[in-house]
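One structure is given below, encoded as structure tokens.
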Amino acid sequence: MAHDGPGVIESLPIGSLTLAKEYVGKVFPKQSECEKIQVRIRKELKKRKLHRLPAHTSLCGVGGTARSLLLLAQEQQELPDTQRLLTAGQLKKLEKLLWKKDNTARELLLKNCPDRLHTIYTGMLILDELVELSQCETIYISQYGVREGYLRRELARKRKA
């Protein structure tokens, strides 16, 4: 049977900025900080019973950190800038480079998303957990975020009033 809509939609009270502020002492998280962040992510997912997600072939990432990860993968892997879909393999290839935290990783980050240096690693940890739980093959990165959706809804509401 075909399924024409999202299987699960959930907004978590944690995001990459929240996690970075709460757990990361410097720009790049240490291994011990990553472990604490992963525990927190799993706790939040379990609270919402998302730790038992059914398998999905795709996830949808919404927000600036997700868009930055796509931009980084496009640059690193010479993907077209019109591409909105990342495979789990493409994400892993990007993460392998970024977790080295070497000059190549720093240059890629500084060139493409300097404003996301402090959130990109926590964002990867969130996305990794979701990819692993859902066993997805692809991640669609939305061109727009929650903020744009809220603005569109409010403008439409005001036009009707």
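Tabulated values for the structure
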{"item": "Three-way shape call for the range 27-96 based on the alpha-carbon gyration tensor, with the a/c threshold at 1.5", "result": "oblate"}
{"item": "Loop-resident sites, the range 73-161, for GluC sites (Glu not before Pro), counting at most 13 other Cβ within 10 Å (DSSP)", "result": "78"}
{"item": "In order through the range 26-39: 3J(HN,Hα) via Karplus (6.51 cos²θ - 1.76 cosθ + 1.60), integer Hz, x for Gly, Pro", "result": "10, 5, 9, x, 7, 4, 5, 5, 4, 5, 5, 5, 4, 4"}
{"item": "Too-long pairs where the Cα-Cα distance tops 23 Å, listed order kept, from 36/100; 30/100; 43/101; 36/92; 26/96; 21/92", "result": "43/101; 21/92"}
{"item": "For residue 61, distant residues with modelled amide H under 5 Å away", "result": "140, 141, 142"}
{"item": "Three-way shape call for the range 101-161 based on the alpha-carbon gyration tensor, with the a/c threshold at 1.5", "result": "oblate"}
{"item": "Total formal charge among the other residues, if their Cβ is under 12 angstrom from that of residue 131, Lys/Arg +1 and Asp/Glu -1", "result": "-4"}
{"item": "Helical contribution to [θ] at 222 nm, DSSP H n ≥ 4, -39,500 (n - 2.57), averaged over the chain, rounded to 500", "result": "-17500 deg cm²/dmol"}
{"item": "Cα shape, the chain, gyration tensor, a/c 1.5 rule", "result": "rounded"}
{"item": "Residue 102-residue 52 FRET efficiency (beta carbon distance; Förster radius 45 Å; 0.05 resolution)", "result": "0.75"}
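Read-outs throughout are calculated quantities, based only on the coordinates presented, and are distinct from any laboratory measurement. In this text, all values refer to a predicted model and were calculated from it rather than measured experimentally. Because the Cβ atoms are built from the backbone with ideal geometry, glycine has one as well, and the counts that use them run over all protein chains shown.
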